[in-house]
Amino acid sequence: MPHWMERLDRRWIFLVMGLLVLLPLLFPLALPLVVSPRVQGFHDTVAKIPDGSTVLMSCDYDPGAIPELVPMTQTALRQLFDKNCKVVVTCLWNGGPGLVDNVVRSIAAEKGKQDGVDFVDLGFKEGREAVMVVMGQGIANAFPRDYQGKDTRSLPIMKTVRDYSSFPLLVSISAGYPGTKEWVQQVQARFHITMVAGVTAVSAPEYYPYLQSGQLQGLLGGMAGAAEYEKVRNEKGSATRGMDAQSMAHVFVAFCILAGNWVQWSKRKKEKA
Amino acid sequence: MKREIPLFITAVVGILMILSFFVPHQAVSVPADFLQQCAIIVVAFGYVLGGANVLKLNADAISKRQSGWIYKIVLVVSLIATVVFGLMDGEGFLNPGKTSKWIYDQLYSPMQATMFSLLAFYIASAAFRAFRIRTVEAGLLAVAALIVMLGRVPLGALATGWMPPAIQLPTIQDWIMEWPQNAAKRAILIGAALGVMATGLRVILGIERSYLSGED
């Protein structure tokens, strides 16, 4: 066992990790992506809703989840806007509304959609599950004003929106609590609304039971899920570019696990000898 | 009476909220809806309480020159400045061109993203230093972790693409996620749900009273 590995300064690990993330972003490897049934399910469920429908999209995350959740939010919005769907956006994370608003407006501008007519950002409301339940009595009851302070009831998009029965689909993009799990428990189970979700990779295993039970029709897990979704949509977004970097980072973490154990195993063997 | 009245209110509200899930009649749904609205308002007041608590704790630490008191000054100044700019911006304080929007986009958002991105470095360091395989169970965990980690990324698929599909990394990874992982997750979910139901019933029936004054 090399002597230097026993006393390896962790800053070397940081440096290698930094380079392995940075270099593939600068010089893409274009590694091939395989689309999983979960991602295909997400795409197909959105594709199946009637063109021009009004869809509820809850973006429950904050800037910590930008690399994983913003790309899938953008792709989902593009798919919905391409179907001429109207999108009602909410956010139940207090750190997220500014970010979500930027994302929604940038995609709406790209697709030539009009605020209040083709989409509305209702912004943030504190209350977590209670907000979800109150939205069941009326979306405007829970969000009397939109993110920009306009009277929600006066917006053209809200003329056809009453409660959850107004939406053929709920898209939940979430980074944790409150998020997809609560939407399933409080809304999907209660109001029987078709639902798909996009979540961070670390929390994705939590939602597999809901996927298997049919409560979720599709699931995007982390940046890999977002990249696969981009592939299905023939887009080349930031998730696709990020997958090369994530591949290298995963291989390096696997190497670190093996190397760390090899160092310990060699050390114990030497001590015994 | 000091105890009986809160216990009675808890029981009535708890039963009403459970009934509202199953009974759509107005006699149940209207008061239940009202209580849900009240809950949102009460939770919103938590922000005021939280802000006051942060200020008090940090002001104490600064006055006593506890370790890291300089950073606490930064925290308090940032908190006050954000609130003051928000009040000055008034209605629509998060609209483009407002100071609060600038604070969110240029300070809060990049700082939080930076904090989260540091995880990659610490995970690699922890993998090298702390992930020790000393037992069979730890060995199984490590093997599963390595397969899932490599099977989730395109490089894993590329590296085993020449093998029969059944033993390629993404296939094995999918099997681990769909079956053993899913079974364990479902068991945890059901266990947690039963625990929540049991605790809820204990509170409604007045058996669990720790929320009143710390007694069991």
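The values are calculated or read from the model by the stated rules, or taken from the named source; none is laboratory data. Because the structure is predicted, anything quoted here is derived from the model rather than measured. Here Cβ is always computed from backbone atoms with ideal geometry, including for glycine, and neighbour counts include all displayed protein chains.
Some points to look at:
- Residue B:150 being assigned to a helix (DSSP H, G or I) and over 21 Å from residue A:35 (Cβ atoms): no
- Entry remark, the stretch A:25-82: residues being hydroxyl-bearing (Ser, Thr, Tyr), under 20 Å from residue A:237 (Cα atoms) and in a helix (DSSP H, G or I) number 2 in total.
- Residue match in the stretch A:71-93 (condition: among the acidic types (Asp, Glu) and closer than 30 Å to residue B:47 by Cα): no
- Residue identified as of a type in the set (A, V, I, L, M, F, W, C) and assigned to a helix (DSSP H, G or I) among B:16, B:94: B:16
- The number of residues in the stretch A:99-149 that are free of Cβ contacts under 8 Å to residues at least 24 places away in the same chain and β-branched (Val, Ile, Thr) comes to 1.
- Verdict on residue B:65 being exposed (fewer than 13 other Cβ atoms within 10 Å of the Cβ), modelled with pLDDT of 90 or more and out of contact with any Phe, Trp or Tyr (no Cβ under 7 Å at 6 or more places or on another chain): yes
- For beta carbons closer than 9 Å, sequence separation of 6+ or different chains, a first residue in the stretch B:78-93 that is within 11 Å of chain A (Cβ to nearest Cβ) and a second that is among the aliphatic types (A, V, I, L, M), the qualifying pairs are B:93/B:87.
- Comparison of B:197, B:163 shows that the only residue that is part of a loop (DSSP other than H, G, I, E, B) and outside the structural domain of residue B:9 (by TED's automatic domain parsing) is B:163.
- Pick from the stretch A:1-56, criterion among the aliphatic types (A, V, I, L, M), out of contact with any helix residue (DSSP H, G or I) (no Cβ under 7 Å at 6 or more places or on another chain) and under 30 Å from residue A:87 (Cβ atoms), ranking: farthest from the other protein chains (Cβ to nearest Cβ): A:49
- Test: residue in the stretch A:177-184 that is of a type outside the set (S, T, N, Q) and without any contact (Cβ under 8 Å) to a residue 24 or more places away in the chain: no
- Flag for residue A:84 being modelled with pLDDT under 95 and of a type in the set (S, T, N, Q): no
- Hits in the stretch A:128-151 (condition: within 21 Å of the chain's Cα centre (by Cα) and either assigned to a loop (DSSP other than H, G, I, E, B) or at the interface with chain B (Cβ under 7 Å from one of its Cβ atoms) (or both)): A:128, A:131, A:147
To keep it simple, each residue is scored yes or no on (1) away from chain B (no Cβ under 12 Å); (2) free of Cβ contacts under 8 Å to residues at least 12 places away in the same chain; (3) within 16 Å of residue A:70 (Cβ to Cβ).
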position	(1), (2), (3)
A:188	yes, no, no
A:197	yes, no, yes
A:246	no, no, yes
A:249	no, no, no
A:263	no, no, no
A:267	no, no, no
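- Lone qualifier among A:211, A:216 - being within 22 Å of residue A:61 (Cα to Cα), in the same structural domain as residue A:50 (by TED's automatic domain parsing) and modelled with pLDDT of 95 or more: A:216
- Filter result (acidic (Asp, Glu), within 13 Å of residue A:74 (Cα to Cα) and modelled with pLDDT under 95) within the stretch A:219-248: A:235
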